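Notes for the one structure printed next.
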2 protein chains.
Amino acid sequence: MTPVPRAGLSREAVVGLALGVVDDGGTGGFADLTLARVAARAGVATPSLYKHVGSLAELRREVSVRAVGELAGATSRATVGLSGPDAVRAMAHAWRGYARVHPGRYAAAQTGPDPDDPAHAAHRDAAAESVAVAVATLRGFDLPEECVVDAVRAVRSAVHGFVTLELGGGFRAPQDVDRSFDALVDMLVAGIAALARREPG
Amino acid sequence: MTPVPRAGLSREAVVGLALGVVDDGGTGGFADLTLARVAARAGVATPSLYKHVGSLAELRREVSVRAVGELAGATSRATVGLSGPDAVRAMAHAWRGYARVHPGRYAAAQTGPDPDDPAHAAHRDAAAESVAVAVATLRGFDLPEECVVDAVRAVRSAVHGFVTLELGGGFRAPQDVDRSFDALVDMLVAGIAALARREPG
DNA sequence: CCAATAAGCTACGCCTATTAGCCAAAAAGT
DNA sequence: ACTTTTTGGCTAATAGGCGTAGCTTATTGG
């Protein structure tokens, strides 16, 4: 009957539009990601998206994988050629920088993959890559093998916690937040060094 | 027509049932909190809840305030009579302990209040109390006035980040998570002490 | 005993996601 | 070039969520 021009969508295009929704929604962009919103951007009826994406959950997972990959890439790029304290500092700042520039995507990156579901394989890989960057950063500290995991967990915890609280408006005091972040990173670097000195073998 | 017995609800009762939903839902209990679920627990039709609660958003906020208050209470109780490193350690462990016992409520506690909305006053108060506990914990470190906020932010960031990642399944390696937490707390204590030593005045 | 209030209910409107089935447009095959 | 198949739109319809309106009954207070 009525001619229906093609919108030229594809899985890639849909994910891209979803990323746009996430970006425009600020910190809550990922939580507010909806098929209806994506369809509106595409100029298409909501059910049409199912030709390119299995479900909202699948689209969200795809967005998460992208976000985790980007975060891993940003920290990785920031630390090439560095080691020891310099590497940790660079990683921490790159991490926080990514979160501040892309708060919606950072929130998306916090969805953990299901360890068992085979559909989450890409997500697991991306997460593993992100952790691998952190591990690589700690080379140069001469950490005893069994302490590396403690150090990685400490760095991830501290930086992620800081960024989360900052984006969530948790730091209401007037003091400079950058300064506090530097202090935190200093603590981490000193703490890792101390961890290396302890239990010397 | 048909006799409609009273369910004996009240605002208190509704909030209590909501807390039950949150508790039973694990980490995602707060995200999955829904008026329909609460109504089902109350044995009541969903719209009936509006006689006791203004909206889902209001109910969620109420739950958040409770959770923040409980967390502040738990950390406060754990640190009475302690100071310095002992206080920080006790607070960190009480914090993590609360989150592990009440993962749903802990997630609820992460919703930040709107600084302007007068309806969020109770939420702001609860959050302020929680921060006050952390500040009190740092007495005994002789921190220069302008460094206290850095130390508070560092402690909150590190502990919150660790707990968040732990609950979210972010620590997949087989190594003991308790040990990693102890290492993190050691770093914090040492870092705060170093902060006190720096810029001596 | 009666009136006022409080606490249920059903019916509805609007927004999601998702499925089913139709139809035209593009692509592939002959 | 024509035909066939696949693809990517569509509308219609189901199910479940929040929230509003208006009715009815239980409870309470005079």
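Can you tell me how many residues within segment A:11-22 are surrounded by 11 or more Cβ atoms within 10 Å (Cβ to Cβ) and within 12 Å of DNA strand D (Cβ to nearest atom)? Looking only at that region, the number is 4. Say whether the condition of being among the β-branched types (Val, Ile, Thr), within 17 Å of the chain's Cα centre (by Cα) and under 22 Å from residue A:30 (Cα atoms) is met by at least one residue in segment A:130-149. No, segment A:130-149 contains no residue that is among the β-branched types (Val, Ile, Thr), within 17 Å of the chain's Cα centre (by Cα) and under 22 Å from residue A:30 (Cα atoms). When residue B:50 is tested against (1) under 22 Å from the mean Cα position of the chain (by Cα); (2) over 30 Å from residue B:189 (Cα atoms), only condition (1) is not met. Restricting attention to segment B:23-33, the residues that are within 12 Å of DNA strand D (Cβ to nearest atom) and surrounded by 15 or more Cβ atoms within 10 Å (Cβ to Cβ) total 1.
Which ranges mark the helices (runs of 4 or more DSSP H) fully within segment A:96-167 that have 1 or more residues being touching a residue at least 24 places away in the same chain (Cβ under 8 Å), out of contact with any strand residue (DSSP E or B) (no Cβ under 8 Å at 6 or more places or on another chain) and more than 11 Å from every other protein chain (Cβ to nearest Cβ)? Filter on segment A:96-167 gives A:103-108, A:121-137. Looking at segment A:1-86, the helices (runs of 4 or more DSSP H) lying wholly inside it that each contain 2 or more residues that are away from DNA strand C (no atom under 16 Å from the Cβ), free of Cβ contacts under 8 Å to residues at least 60 places away in the same chain and among the basic types (Lys, Arg) sit at A:56-79. Just one of the listed residues (B:71, B:56, B:49) is crowded, with 18+ Cβ neighbours inside 10 Å, within 23 Å of residue B:110 (Cβ to Cβ) and of a type in the set (A, V, I, L, M), namely B:71. Checking each residue in segment A:34-75 for being within 16 Å of DNA strand D (Cβ to nearest atom) and within 14 Å of chain B (Cβ to nearest Cβ) picks out only A:57. Restricting attention to segment B:173-185, the residues that are at the interface with chain A (Cβ under 7 Å from one of its Cβ atoms) and surrounded by fewer than 19 Cβ atoms within 10 Å (Cβ to Cβ) total 3.
Could you tell me which of the residues B:112, B:69, B:73 is closer than 29 Å to residue A:31 by Cβ and at pLDDT below 95? Result of the check over B:112, B:69, B:73: B:112.
The values are calculated or read from the model by the stated rules, or taken from the named source; none is laboratory data. All values reported here derive from a predicted model rather than from experimental measurement. Cβ: placed from backbone, ideal geometry, glycine included. Neighbour counts: every protein chain shown.
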